[in-house]
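Visitor: Have a look at this one before I ask anything.
The values are calculated or read from the model by the stated rules, or taken from the named source; none is laboratory data. Remember, predicted model here, so these are calculated numbers, not experimental data. For neighbour counting, all protein chains shown are included, and Cβ atoms are generated from backbone atoms with ideal geometry for every residue, glycine included. The area values use the complete protein model at the heavy-atom level, side chains included, leaving out ligands, DNA and RNA. Shrake-Rupley method; radii C 1.70, N 1.55, O 1.52, S 1.80 Å.
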Amino acid sequence: MNGTLPSRSNDSSSTITKYEKSSCLFCNDWFDSQTFTEHLIHCGQVLEQCPNTCKVFLPRLRMRAHLKECPHAKYRSSSCENLDEMAEQRIQTLENDINTLRNVLNEEIRQRLHLITDLGNVRKQNQLQDEMSHSVQESLKHLQNRLNEENTQRCYEVEQCQQDFRYCHDIVQTLKTELQHEIDDLEKHINRVSLEAARHQNLLNDNILQLEDTVLAHERNNRDKFIELENYLQTFNDDIKSKLHVNADYNAKYATLGLEIKSMKHIVCETEERCDKLEALFTEIDRNLHHTMQLVADMENYLSTQQRLTSIVNTRGHLIWHIKDFSKKLDESKKYDTILHSAMFSNKPYGYALRLDIYLNGKGNWKGRNMLACLNVLPGEYDALLTWPCRLQANILIRDQRYASQSESDDYIKLVNVRKKSDDYIQTNQFFYIPHKILTQAQYLKNDSIYVEVRILKTQ
């Protein structure tokens, strides 16, 4: 064959060259590997020797014409006829054999092509498997290195956490000791304040009693004097009227007595004003006394709060507060501006210390028509370990007491945002209000008590 059109396939072990087309040496035409052999058998440009022994080589296409003109054909015409018949039979037989061989060869070629194709696919699969195995090994090595690094990092973090825990434990012990000292000092201060408050209360009670006795005595004396004076003036007036026509001097005395009567009335008015002032002073003293008692109660509550800070029981971010004697506490709030404090709770274990404060009669512009409340973040034991600024979101519910099932109840819900910059920052109270006309509805106020529920939603 004169030339080929090769194609190459690269493998990791060898290189295979496949010949897809070949050119004929006689006619220079191109044929694929399946039809090339058949073309060689029938190609008209193949050189063949003349059968008349003239020793001439001619292409197959010109052989018939040559046989008619060949000079040796005259001598062999008679003998060659038989030979031609035999040759034709033999040629026919040979062609049949050649066709059979051609078919067998074509079948073998097809089988070989299938085998070559399957072998190429197998080699590609082996190559892909090798690449996958290599990539898997690389991934396993990378994962092993990552695992070793992760184990090293975890060991370091565990050691660091242990050191932090020991450090925090020491800090907590120190804080507990300092807190105990502060609690002792506060107890002493509260005892002193209680003694002073009791002494001042006794003094106030004594002064109030003395003032009441003095006011009552003055009122009795002024009333008796006023009655005597009226009787005397009435008598004197009658006497003057009876003696007016006798002596004109009585007119001047009558005018003088009129002036004295006006003076006495002025004194009585001043006495009444003083009584009003004393009554207002008594009310103010009563209010201050109540505020002093509330201050003592707040100090005791603060002491108990400090004692509970180290062990807050409610750490689920959920509080239900039962406020009893609502009417009485509302009246006290109207009269003394009292504040109700809920129990301490936390949004999570070792979380922020929280408390709900309520003004039943409101405050400022909201006073008299609404209940005002705020959710406060108080100084806690674990503030140094928490994230600041603090951002919390909570639902405040006034529970519906008509139904036992919460799915059927119609609770009044308020969404509240609580923010505090740092653990030592003084929080500005973020109030929310609930109108009294809602609180006093039958579904919320029952047996003179309400239920207030706090649910911490999430940390922002």
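Visitor: Test ARG112 against the stated conditions and say whether it is in a helix (DSSP H, G or I), modelled with pLDDT under 85, charged (D, E, K, R) and more than 30 Å from GLU381 (Cβ to Cβ).
Guide: Numbers: in a helix (DSSP H, G or I): yes; modelled with pLDDT under 85: yes; charged (D, E, K, R): yes; more than 30 Å from GLU381 (Cβ to Cβ): yes.
Taking the combined requirement at face value, the residue satisfies it.
Visitor: Something else now. Any idea which residue in the stretch 352-389 is most open to solvent (accessible area, probe 1.4 Å), counting only those that are aliphatic (A, V, I, L, M) and more than 18 Å from ILE413 (Cα to Cα)? First the steps, then the outcome.
Guide: Step one: of the stretch 352-389, the residues aliphatic (A, V, I, L, M) are 353-354, 356, 358, 360, 371-373, 375, 377-378, 384-386.
Keeping just the survivors that are more than 18 Å from ILE413 (Cα to Cα) gives 353-354, 377-378, 384-386.
Working: ALA353: 2, LEU354: 0, VAL377: 5, LEU378: 30, ALA384: 90, LEU385: 110, LEU386: 29 Å².
The residue in question is LEU385.
Visitor: Let me ask you something else. Enumerate the pairs (first residue in the stretch 37-53 and part of a helix (DSSP H, G or I); second residue anywhere and basic (Lys, Arg) and open to solvent by less than 40 Å² (accessible area, probe 1.4 Å)) with beta-carbon separation below 6 Å, excluding pairs fewer than 6 apart on the same chain, so at least 6 apart or on different chains.
Guide: Going by the 6 Å Cβ cut-off, the qualifying pairs are GLU38/ARG102.
Visitor: Still on this structure, please answer the following. Tell me yes or no: at least one residue of the stretch 451-460 is open to solvent by less than 80 Å² (accessible area, probe 1.4 Å), in contact with an Asp or Glu (Cβ under 6 Å, 6 or more places away or on another chain) and of a type in the set (Asp, Glu).
Guide: Of the stretch 451-460, the ones open to solvent by less than 80 Å² (accessible area, probe 1.4 Å) are 451-456.
Now narrow it down to the ones that are in contact with an Asp or Glu (Cβ under 6 Å, 6 or more places away or on another chain): none.
No: the stretch 451-460 contains no residue that is open to solvent by less than 80 Å² (accessible area, probe 1.4 Å), in contact with an Asp or Glu (Cβ under 6 Å, 6 or more places away or on another chain) and of a type in the set (Asp, Glu).
Visitor: Give me a count of the residues in the stretch 291-304 that are in contact (Cβ under 8 Å) with a residue 24 or more places away in the chain and either over 55 Å from the mean Cα position of the chain (by Cα) or open to solvent by less than 40 Å² (accessible area, probe 1.4 Å) (or both).
Guide: Residues flagged as in contact (Cβ under 8 Å) with a residue 24 or more places away in the chain and either over 55 Å from the mean Cα position of the chain (by Cα) or open to solvent by less than 40 Å² (accessible area, probe 1.4 Å) (or both) within the stretch 291-304 amount to 3.
Visitor: Six or more apart or on different chains, Cβ atoms under 8 Å: show the pairs whose first residue is in the stretch 122-149 and outside any helix (DSSP H, G or I) and whose second is of a type in the set (Phe, Trp, Tyr) and open to solvent by 100 Å² or more (accessible area, probe 1.4 Å).
Guide: The qualifying pairs do not exist here.
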